[in-house]
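Asks: I am attaching a structure below and will ask some questions about it afterwards.
Only the coordinates and a few stated rules stand behind these numbers; no lab work does. From a predicted model like this one, the values you see are computed outputs, not experimental measurements. We place every Cβ from the backbone using ideal geometry, glycine too, and count neighbours over all the protein chains shown.
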Amino acid sequence: MKQYIFVILIFALAIQCTGNKSDSKSAISNAEVNNITLKTSDIEEEIKVLSKQKWEWMANKDVEELAVLFDDKSKFVHMSGTWKKEKELDIIKTGSIWYKEATVHDVAVEVFDNTVILWNRITLVAHVRGSDVSNEFTVTEIYHNTEDGWKLLDLTFSKVRDTHEIEH
């Protein structure tokens with residue numbers, strides 16, 4: 001009988017210890033989730049700031065800063081074509097497209113490990129072919145975190161109506 005009670009006590013103790021371990025794991029998981037959420041939020045803010053800075057560099061024709069930001073394999077999709085980094089930098093440098101002012105109306109960001117996609121809903125005033133033009137765009141920007149920092153992989157302009165909304 002004593003052995004029977006002893007076995008039941010050991011069994012109950014084992015169940016109790018297992019329960020405590022799972023509670024402990026839950027607490028750790030929750031802390032990790034909170035930490036990941038904070039890191040994701042920090043990355044989102046960092047990319048928003050970087051994107052805003054990029055618009056300023058484009059307006060100021062600062063091709064030196066843009067050359068560092070743009071990945072060597074980056075692509076740029078415009079209303080008139082798709083091209084690579086060197087052509088985009090040349091277009092900015094020569095002013096054949098002068099991104100005079102990008103008014104950002106909305107921004108959405110999604111983080112995927114070391115890659116981030118940012119969507120801007122903007123009104124862009126640009127000087128193109130001798131005239132100032134204003135267009136509504138949703139601009140998709142894809143960034144990848146490298147040893148040298150964030151690099152822009154893709155910048156795609158999608159012409160939209162001024163009532164267009166980005167779903168968050």
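Asks: Give, as a single signed number, the net charge of other residues whose beta carbon lies under 13 Å from the beta carbon of LYS159, with Lys and Arg counted +1 and Asp and Glu -1. Provide the component values of the computation, followed by the final result.
Replies: Working: positive: ARG121, ARG161; negative: GLU136, ASP162.
Its environment carries a net charge of 0.
Asks: Let me check I've understood the local charge: for TRP83, count other residues with C-beta under 15 angstrom from its C-beta, Lys and Arg +1, Asp and Glu -1. What total comes out?
Replies: Summing Lys and Arg as +1 and Asp and Glu as -1 gives 0.
Asks: OK, next. Can you put VAL125, VAL116, VAL107 in order, fewest other beta carbons within 10 Å first?
Replies: Details: VAL125 16, VAL116 24, VAL107 19.
With the sparsest Cβ surroundings first, the list reads VAL125, VAL107, VAL116.
Asks: Which GluC sites (Glu not before Pro) in segment 76-168 pass both tests, a DSSP loop state and at most 13 other beta-carbon atoms within 10 Å?
Replies: Passing both the DSSP loop test and the Cβ count: GLU147, GLU165, GLU167.
Asks: A follow-up question, please. For segment 106-168, give the magnitude of the charge dipole about the Cα centre (Cβ charges: +1 Lys/Arg, -1 Asp/Glu; no others), in debye to the nearest 20.
Replies: 340
Asks: Note down the net charge around ASP132, summing +1 for each Lys or Arg and -1 for each Asp or Glu among other residues with Cβ under 12 Å from its Cβ.
Replies: On the way: positive: LYS100, ARG129; negative: GLU101.
Local charge sum for ASP132: +1.
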